[in-house]
Structures are given as C-alpha cells and as structure tokens.
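> I'd like to ask you about the structure that follows.
A short reminder: the numbers here are calculations on the coordinates, not readings from a lab. No experiment lies behind these values; they were computed from the predicted model shown. With ideal geometry, Cβ positions are generated from the backbone for all residues, glycine too; neighbour counts draw on all protein chains shown.
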C-alpha cells in the first residue's frame, strides 16, 4: 500500500512541471498567434502579398505540434477570435461582423487545433494530415461567404488559383498552402544550433600588447539534427 502511495506521489510531482511547461509554451505562443491572425486578415484584405499566408498559419500549426490538445484548442480559439476582431476593426476584409461569423471563426480553428494536437500525439506531426484537415476547415467556414475561402482567398486571382483552383476547386489551393506551411514548420523544427567554441580570444604579442585574434574554427556554429543514441560496440 505504501509503495502505491509513493508511486502516486512520484507521478504527481512529475506531472506539475509538465503542466507548467505546457502553460508556459502556450503563453509564449499567444503573441505569435495574434500576430499571425493579423497577417491573415491583412492578406485577406489587400491580397497584395499572398505569400504572407504561409507564415500566418505557422503559429497555429506550432501549437498543434508542441502543445497538449487542451492548450492547442485554446490557442486555436485565440487565433480565430483574433482573426475575427482584426478583420472587422483594423483591417477591411469580407468578414461580416456578425454573431455567426464570430462563432464559426472561433470554434472551427479551436476544434481543428485540438483534434490536430490529439492526432499528433498519436501518429506524429503530419503535414499531409493537417493539410487535409484544413480542407474541412475551409468547408466549415463557407457560411461566412469569404471569397475562395480563407487560405485560398489570400491568393486573389493569382496563378495558384488559376492553375489548381480551376481543376480541383479552391479547397485544393488551401490544401497546398496548408501543406507547405506545415512542411516548412517540420523542416525548421528539426534544425538545432550549438556554439562549439569562442570565436575571439585575447593574446599577448612579442611587445606585450594585447591583440584580438580570430580563432580559426572550422564550425563555430554547427547545425545539428536530432541525435539518435548509438548501440554499444560488440565485444568479442
């Protein structure tokens, strides 16, 4: 009985830092979510810089990648309500300031982020699955009557709409945009940086004066990939 109680206490002690870490990550992502919602509203309103939509989705996908399903759901709701508020106040877009638009833009990204985080915990971060799920988001947002939806609507009348949209519909354009954003996030999240040694040092020359010398280092800052432990050598 004592062993069971000790195990439960040990599990509870481990659970507190994990919860605090998740909360801290969610709070750190909050400003990026608001900023990305502003970028999305900006591309919907002007359509002058359609490539900004690639970056507008990154914080939401990052929340799916690293947060728990509950925290990701809250992050998705924050992204959606920020998009609604900015699209109906600071930026002129086709989003109508109605209760239905508010409910749809808040709940649908929240559900998408929560389900995406839950699925990521099971099968890993999959750009294909998340891009396919974004198609469902675009379909669910049709009552808002956005021109060509959300992500595809940022492309205006560009070549992506003309080539892909005519053959497969604007949801296919949204799929390509969401997949590219998720793929970029996955690529960047695999990169690690480490400073191996100082670049400069102070030495004395023959006259006794101080000189700065550049240390000849082959890789002062090396890009690292996630390391995998190696098996010990076989002893014969």
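> Rank-order 22-29, 110-117 by packing density, defined as the average count of other C-beta atoms within 10 Å over each peptide's residues, highest first. Numbers along the way, then the final one.
Details: 22-29: 14.5, 110-117: 22.6.
Highest to lowest by the protection proxy: 110-117, 22-29.
> Quickly work out the residue 25-to-residue 190 label distance, labels modelled 7 Å from Cα along the C-beta direction, and quote it in nm with one decimal.
Placing both labels 7 Å beyond Cα along the Cβ direction yields 1.9 nm.
> A further question on this structure: Got a sec? Which residues in the stretch 135-152 would a label at residue 100 touch, if it sits 7 Å along Cα→Cβ and we count backbone N under 14 Å?
The answer is 140-146, whose backbone nitrogens lie closer than 14 Å to the label point.
> What FRET efficiency comes out for residue 55 versus residue 176 if R0 is 22 angstrom and r is the Cβ-Cβ distance? Round to the nearest 0.05.
Details: r = 15 Å, r/R0 = 0.69.
Efficiency for this residue pair is about 0.90.
> If packing is taken as the average count of other Cβ atoms within 10 Å, what order do 82-89, 55-62, 30-37 fall into, highest mean first?
Working: 82-89: 20.9, 55-62: 23.2, 30-37: 18.6.
Output ranking for 82-89, 55-62, 30-37: 55-62, 82-89, 30-37.
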